[in-house]
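What follows draws every value from the coordinates through simple rules; no lab data is involved. From a predicted model like this one, the values you see are computed outputs, not experimental measurements. Methodologically, a virtual Cβ is constructed for each residue, glycine included, from the backbone with ideal geometry; neighbour enumeration extends over all protein chains shown.
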Amino acid sequence: MKKMIRMTGASILALAAMWPALGAAQDTALTIALPAEPANIDGCNTTVTGIGVIVKENIVETLTTISPEDGSIQPRLATEWEDIGDGKYRVSLREGVTFHDGTPFDAEAVAFSIERLQSQEISCLDRTKIAGIEITTDIIDEHTIEIGAAPAQVLMPTLFSFIGVVSPNTPTDALSRSPVGTGPFAFEAWNADGVHVARYDGYWGEAPQVSEATYVFRGESALRAAMVEIGEADIAHDIAPQDAVNPDIDIPFLNGETTRMRIVMLPPLDDIRVREALNLAFDREALLGTILSDRAQIATQFILPNINGHNPDLEPWPYDPARAQQLLDEARADGVPVDREIRLVGRIGFFPNQEEVLQAIQQMWAAVGFSVRLEMMESADWLRLVNRPYPADREAMLIQEQHDNNNGDAAFTMRFRYHTDGQQSEMNNAEVDRLIDTAEQSVGEERTLAFQEANRIIADEVIPAVPMYHMVSYMRVGSSISYEPNVLSLIQLELADITFN
Amino acid sequence: MNDTLLKVSDLSVEFRNGSTVNKAVSGVSWDIRRGETLAILGESGSGKSVSASAIMGLIDSPPGRITSGRAEFDGMDLLHLDDAERRRINGPRIAMIFQDPLAHLNPVYPIGWQVAESMRLHGVSPEEARRHTLELLERVGIRNAKARLKDYPHQFSGGQRQRIMIAMAIALKPDLLIADEPTTALDVTVQAQILDLLTELRRETGMAVLLITHDLGVVAQTADRVVVMKDGQVVERGDVREVFGAPAHPYTRQLLDAVPGKSRFRQPEAAGERLLEGRGVAKFYPISAGWFGRPVETLKALDGVDFDLHKGETLGIVGESGSGKSTLARTVLGLTRPTSGEIRWRGRNVAQMSAAELFEMRRNLQVVFQDPTASLNPRMSVAEIIAEPWAIHKGFLPRAQWKDRTVELLENVGLRAEHAERHPHQFSGGQRQRIAIARALALQPEVILCDEAVSALDVSVQAQVIDLLRKLQTQYALSYIFIAHDLPLVRDFADRILVMKQGKVVEEGTAQEIFERPREPYTMELIAASPDAVPRSESRWRSAQ
Amino acid sequence: MARHFAKRALWSAISLFALVVAVFFMSRMTGSPADLYLPLDAPTEMRVQFEHLHGFDRPVYEQFFSFLGDLLRFDFGMSLRQGLPAIDLVLQALPTTLLLAFYSITIALVVAVVTGALAAWRPNSIFDRIATVLSLIGASLPNFWVAIIGVIVFAVTLRWVPTSGTGSVAQWVLPIAVLALRPAGLIVQVARSSMISVLSSAYVKTARAKGAPSRRILFVHALRNGMLPVITVAGDQAAGIINGAVIVETIFGFPGVGKLMIDSINYRDFAVIQAGVMVTAIAIFLMNVLIDLAYLGLDPRTREEMV
């Protein structure tokens, strides 16, 4: 018996000796807790959430970047660009830049990256941003390249922000798990502990304060938050509102997503009075500060105010249940089957508390006489409903949607959501089509006004949806560092923006 | 002059079950002298086992409690020992063997290990223990002991297992060996061997034996003095010859009277109609299937058995374990199909009967099983149990008459009308068997098959049940097939007897022929092995060898 | 006896094959996974290209036969998500899960058997009652709740252990404790009732008559007999842990098979699902073989039944 006790005591001591000292991190090393481990971190996937947050502008840089404040195009690896007509731009490349593997950055590297992006051998997801466009390159000299698009793109400089430049030594037959780029941080390792990057001394720009960073993946939001609380991590990316309880370190920010409910315009939803009633019966204010953050903003259209083409004159729908009921009665009197049960389809995993939000809205609609049945779906099934070709047996329904356009211009939203031949459009309005076609070919004021007018018609005269909110996310930032999240932070977190206190 | 080894004074033990208190032993006193065999004789519920368990400290408390008494042994009171003292007594000074050796040997350890453990526990070195184990096993008659040291209990027969237990018990040469019903679970012939072994060991080592049993024959054969217990109290004590020759207490007299085998033989009357016959009945069981289910060996449970049953007669079938008597019973009842051979009811082959004919035959052929606890559904009331045959054979008795007929049957078997509403667990073993008999009578069958129907009962109760069966036979012109493992039991009850061994009928004849003029050696063995309730100095078994 | 195991192996191989076939067809019934891998605004041509690249545009039976052909070479195909061979991903993730399962079940078994045996020694004593209540609580709590609470209490508030990760010994403490809780609770109950019945058996009485001390009776005479039902339950639980460590792996960031499977199912990564199912099924088969061996070792009576 005594022997047993002694042995147990000895093993406990041995275990204790192996305990790691908590919180003995280096001064300038960073740990970031992300929700999901990506499948790869290839430089041609920088627009994918989960990949971009690690790679974009940290390891792999793009030709240009979009400013989160005003959506303007900023130079990065491209310093100057000029439209020389015929869809072509002459681009001057930054000098004195090398890749992490020592290869010099030049026009050949850019051409290589563009060709790789468009290759049929691998599925580069950034390619969706240039879908339907063929990009060609012409090397002029070491630091000058002509990049052409067919058909010609008005927003060419925006397109440049989708092109990540990777080292010419990158394999072209598979997506990479160890990217080599020109960014301030070089890829070190990806193992069971996460993705490790370290400061690259040969960087062309200002050396960041952060010397190394580790990205760890923890699906549970409460855990991410806890890690920052006890110092195991410095940033907890995207935590749920119920875990964001400490105003000192929990920072809310508009995350660039807008939510709405798409209306499938079949009876009774083909009657505009019914669609109006849906919007009037929804008390948008009530959800703010209760089950949604009070920093979320009520949306009038499907793009954020800082996007070119956003119409600032549109007003949010008032909350007027009496009028909603009146409209319904009128429609009912005209034989519209307003009492038919309408499906409300939600997609699992859009934002925290979303089921409660949808239930609340369903209740509000029931209060004025709608019969709405809520149904939560997972992504595969939901995708079948929202993409053309639509199932032939679709009935009247409302489909929850969330959309982020962080590319500075409404073009990335308008066509495929509202144009007659848009992949996710329910509309068939000749005037809107014309405005979109015009805007896409225009620049400057003309472009902006065309898009704004299109948005007006959509919001006021077509009412193809119930707009909801511009959404807010929370980031927990440890008190030893300073970081100001912005509209892009969910998909692009530049380590260079992080400073130590 | 005082060679008293153990003196028990005024021992009382009670068991608590919830709120009921059962006084198992009340104020019991006895003593045992060095080297003698003292028997504690009693039926179930007499408290005989509890007294012995108390001495060894084996009573679980709770729920049992020793409320008074002393057990003086070598200056110590065995009823109040601490753990260390207890361990010095149990094993080296007092040892115990039990009734069911298979259950009492640990199934997961080899027997060599278990025997050696008796010694290792008390300071003997492992090598010495191993050597001594071999000697002990050879002494108790385990053949090929050296090879069998590593075998497990389930690989031995019942008799061998008891020998192993004896080896374990005598390993440290205790002063006292307590044997609690050591032979009850064994076949008759094996029982005789074990008792002889105990007697020899006693003579060699001079140890005393406290023998606890319900079997008067065993007491008569092996004990010097006897203590008779009933309901937790001692009713008589004394030298075996004196007590058995001239019993003082009425209970002792009742026990002695109940011993079977004292009346006249039955003389068979003229043979009546042949009701049931079996020709060449065989039942083989395959053991150990090969790759595709082909049997590698077969067990021949029945190997060509012939028998007849005439109207009004009692056919006794006697055999030890493995003789096939139970298989025969099941085959006759139709619970198993014979592998070959025929069973005929009134000349008609049972295997060729239609469903209706079979149903009719079943009505006429009823059964009383060995274990009344298992054969009566605990959830049914007695009335439901007795009425069930009428529910199955609809049309035999109109429902309106069920209640009255049930009362008739109950009174017929010696129970009372108010028993009809009770449940089986509220009755004693003997009463339950009476209920089973009443159920068997319900359909007024022609034949009742009694499969070891009285084997599980106390001696006095056995006698009562057999009396009842006799009475019913005359009353209803019944025929019986009476299966037993005990020859004396069928001696005054059967007309003709079949002796079975290993699936074959060894000998057949009237009761008188079998008992007075046995022809086969096995029959003679069986007769000799059954302990006679007449005290002798030398066992008959020994003389018969 | 070797024949017995050979028969078992043959039957298991057949069931395994049937399982893989079933998973193959059922997962493909969920439709093309293209939508899950391409962004929402991907044009149709990209979808077509994706499906062609991975062979989803071929008829199902054609896909099946080429799958069978690959299977013979143990090639389950490439992971859609990561572009690496599916079997490699599974085999890489397997050791973590196996280690988790092994440690959890071992600790659960040891703690639970000793506790159950001691509780059975004195039924209805204070120790027994506390042990019973704790074991029932342990067996009833959902493990995702325990995991989070464990993190909050032990990592955040008390700072005794780190929250997550796999590197150091300390990081394994919480996950193993969480995983071991339910099996331990169940096994305590099973061990206790088994031991109670064993302790009242006849051979224990013999041991007491032989003068054996209490501890020996409990741990030598009774325990081996009482272990048989425990082994069955423990084996069942261990198989369950291999499958169900998902939650623990997800919360604590352990790159094990459970997490891999859930992610693959969500993303319809057929190749990984198939490889994972196969490997897990083999692990469970081996576990059952182990249980059989344990029985043989513990109870000599079963050795003859197996012949």
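Taking R0 as 45 Å, what FRET efficiency do you get between B:Thr20 and B:Arg348 from their Cβ-Cβ distance, rounded to the nearest 0.05?
Working: r = 54 Å, r/R0 = 1.21.
After rounding, the FRET efficiency stands at 0.25.
Using the Cα centre of segment A:132-259 as the reference point, and only Cβ charges (+1 on K/R, -1 on D/E), how large is the resulting charge dipole? Debye, rounded to the nearest 20.
Numbers: 4 positive and 20 negative charges, 37 e Å.
Around 180 debye, computed over segment A:132-259.
Hey, what's the Cα Rg ratio for segment A:256-471 versus the globular rule of thumb, 2.2 N^0.38 Å?
Working: Rg = 16.7 Å, N = 216, 2.2 N^0.38 = 17.0 Å.
Ratio of Cα Rg to 2.2 N^0.38 Å: 0.98.
Using θ = phi - 60° and the Karplus relation 6.51 cos²θ - 1.76 cosθ + 1.60, list the HN-Hα couplings for segment C:161-174 in order, rounded to whole Hz, with x at every Gly or Pro.
Values per residue, Gly and Pro as x: 9, x, 6, 6, x, 10, x, 9, 4, 4, 6, 8, 4, 4 Hz.
Stretch B:Thr4-B:Lys403 to full length: gain in nm at 0.36 nm per residue minus the Cα-Cα span?
Numbers: separation 399, 0.36 × 399 = 143.64 nm, distance 6.07 nm.
So the chain would gain 137.6 nm between B:Thr4 and B:Lys403.
Rounded to the nearest 20 Debye, what is the dipole magnitude of the protein assembly as shown about its Cα centre when Lys and Arg each give +1 and Asp and Glu each give -1 at the C-beta? Walk me through the numbers before you get to the answer.
Numbers: 127 positive and 164 negative charges, 2161 e Å.
Value, rounded to 20: 10380 debye.
Helix B:459-476: angle to the longest alpha-carbon principal axis of chain B, degrees 0 to 90, nearest 10?
10 degrees
Would you work out if segment B:56-111 is rounded, prolate or oblate? Take a ≥ b ≥ c from the square roots of the eigenvalues of the alpha-carbon gyration tensor; rounded if a/c is under 1.5, else prolate when a/b is larger than b/c, oblate otherwise. Spell out each step's value before the answer.
On the way: a/c = 2.40, a/b = 1.60, b/c = 1.50.
Taking the square roots of the gyration eigenvalues as a ≥ b ≥ c, segment B:56-111 is prolate.
Specify the inter-centroid distance of segment C:1-67 and segment B:458-490, based on alpha-carbon positions, in whole Å.
73 Å
For segment C:176-223 and segment B:361-412, write down the distance between their C-alpha centroids in whole Å.
The two parts, judged by their Cα centres, are 44 Å apart.
Near the amide H of B:Val13, under 5 Å away, which other amide H atoms are found, from residues 5 or more places off or on another chain, if H is placed in the peptide plane?
Correct list: B:Ala24, B:Val25, B:Ser26, B:Gly27, B:Thr67.
So what does the Cα-only Debye profile of segment C:16-89 read at q = 0.19, 0.26, 0.27 Å⁻¹, as log10 I(q)/I(0), no solvent term?
Relative scattering, expressed as log10 I(q)/I(0), comes to -0.89, -1.42, -1.46.
Among the listed pairs B:Lys300/B:Lys504; B:Lys300/B:Lys325; B:Lys471/B:Lys504; B:Lys23/B:Lys230; B:Lys150/B:Lys501; B:Lys283/B:Lys325, give every one whose C-alpha distance is greater than 21 Å.
Details: B:Lys300/B:Lys504 10 Å; B:Lys300/B:Lys325 12 Å; B:Lys471/B:Lys504 32 Å; B:Lys23/B:Lys230 12 Å; B:Lys150/B:Lys501 30 Å; B:Lys283/B:Lys325 12 Å.
Listed pairs above 21 Å: B:Lys471/B:Lys504; B:Lys150/B:Lys501.
Would you please give the residues with an amide H less than 5 Å from that of B:Lys501, counting only those at least 5 places away or on a separate chain, with H modeled from the backbone geometry?
B:Val506
Return the Rg/Rh value of chain A, two decimal places, where both radii are evaluated on C-alpha atoms and Rh is the Kirkwood radius. Display every interim value, and only then the final one.
Numbers: Rg = 25.6 Å, Rh = 25.0 Å.
Reported Rg/Rh, Kirkwood definition of Rh: 1.02.
Give the shape of segment A:59-165 as rounded, prolate or oblate, defined through the alpha-carbon gyration tensor: a ≥ b ≥ c are the square roots of its eigenvalues, a/c under 1.5 means rounded, and otherwise the shape is prolate if a/b is larger than b/c and oblate if not.
Numbers: a/c = 1.21, a/b = 1.11, b/c = 1.09.
In terms of gyration-tensor shape, rounded.
Taking R0 as 25 Å, what's the FRET efficiency between B:Gln444 and B:Arg416 from their Cβ-Cβ distance, rounded to 0.05?
Values: r = 22 Å, r/R0 = 0.87.
It comes out at approximately 0.70.
Residue by residue through segment A:473-484, which ³J(HN,Hα) values in whole Hz follow from phi under the Karplus form 6.51 cos²θ - 1.76 cosθ + 1.60 (θ = phi - 60°), with glycine and proline marked x?
Whole-Hz 3J(HN,Hα) from phi for segment A:473-484: 10, 10, 10, 9, 10, x, 6, 7, 10, 10, 8, 10.
For chain B, find the longest principal axis of its Cα atoms and tell me its angle to the long axis of helix B:158-170, 0 to 90°, nearest 10.
10 degrees
With +1 assigned to the C-beta of every Lys and Arg and -1 to the C-beta of every Asp and Glu, and no other charges, what is the dipole magnitude of chain B about the Cα centre in debye, to the nearest 20? Before the final figure, lay out each step's value.
On the way: 68 positive and 70 negative charges, 201 e Å.
That gives a dipole near 960 debye.
Give me D for segment C:86-304 in µm² s⁻¹, whole number, from Stokes-Einstein with Rh from the Kirkwood sum over alpha-carbon pairs, 4 °C and 1.567 mPa s. Mind showing how you got there, number by number?
Working: Rh = 18.8 Å.
Rounded to a whole number, D works out at 69 µm²/s.
For chain B, just say rounded, prolate or oblate: build the C-alpha gyration tensor, square-root its eigenvalues into a ≥ b ≥ c, call rounded for a/c under 1.5, and beyond that prolate if a/b exceeds b/c, oblate if not. Before the final figure, lay out each step's value.
On the way: a/c = 1.87, a/b = 1.49, b/c = 1.26.
Cα axes put chain B in the prolate bin.
For segment C:97-103, just list the computed ³J(HN,Hα) in residue order, Karplus coefficients 6.51, -1.76 and 1.60, θ = phi - 60°, integers in Hz, with x standing in for Gly and Pro.
5, 4, 5, 4, 4, 4, 4
Relative to the first principal axis of the alpha-carbon coordinates of chain B, what is the inclination of helix B:402-412, with its axis defined by its Cα atoms, in degrees from 0 to 90 and to the nearest 10?
Roughly 50 degrees between the two axes.
If each DSSP helix of 4+ residues adds -39,500 (n - 2.57) and the sum is divided by the residues in chain C, what number results at 222 nm, nearest 500 deg cm²/dmol?
On the way: 14 runs with 226 residues, N = 307.
When only DSSP H runs of four or more count, the value is -24500 deg cm²/dmol.
Using only the Cα atoms of the protein assembly as shown, what semi-axes does the equivalent ellipsoid have when each is the square root of 5 times a gyration tensor eigenvalue? Give whole Å, largest first. Working shown, then result.
Values: eigenvalues 1596, 291, 174 Å².
Square roots of five times the eigenvalues give 89, 38, 29 Å.
For segment C:145-188, take the convex hull of the Cα atoms, compute a quarter of its surface area, and give me that in nm², please.
Working: hull surface 12.8 nm².
So the Cα hull casts an average projection of 3.2 nm².
Among B:Leu365, B:Ser19, B:Leu105, which residue has its Cα positioned farthest towards the positive end of the charge dipole of chain B, with +1 placed on the Cβ of Lys and Arg, -1 on the Cβ of Asp and Glu, and the dipole taken about the Cα centre?
Value computed over the given set: B:Leu365.
Between B:Glu520 and B:Met380, what is the label-to-label distance in nm when each label sits 7 Å out along the Cα-to-Cβ direction?
3.7 nm
Largest first and to the nearest Å, give the Cα extent of segment A:227-326 along each principal axis.
Sorted from largest, the Cα extents of segment A:227-326 read 56, 31, 25 Å.
So in the protein assembly as shown, what percent of DSSP beta bridges are antiparallel if you round to the nearest 5? If you can, show how the numbers build up before the last one.
Working: 109 of 168 bridges.
Once the DSSP bridges in the protein assembly as shown are tallied, antiparallel ones form about 65 percent.
5 Å is the cut-off here: which amide hydrogens, built 1.01 Å from N in the peptide plane, fall below it relative to B:Ile317, excluding neighbours closer than 5 in sequence?
Amide H neighbours of B:Ile317, under 5 Å, 5+ apart: B:Phe482, B:Ile483, B:Ala484, B:Leu498.
Compute the FRET efficiency between B:Glu513 and C:Leu286 as 1/(1 + (r/R0)^6), taking r as their Cβ-Cβ distance and R0 = 45 Å, and round to the nearest 0.05.
Numbers: r = 66 Å, r/R0 = 1.47.
It comes to 0.10.
With N residues in segment C:154-280, what two-decimal value do you get for its Cα radius of gyration over 2.2 N^0.38 Å? Walk me through the intermediate numbers first.
Values: Rg = 20.8 Å, N = 127, 2.2 N^0.38 = 13.9 Å.
Output field value: 1.50.
With a 4.7 Å Cβ cut-off, tell me which Cys residues in the protein assembly as shown come up empty for a partner.
Lone cysteines by the Cβ rule: B:Cys450.
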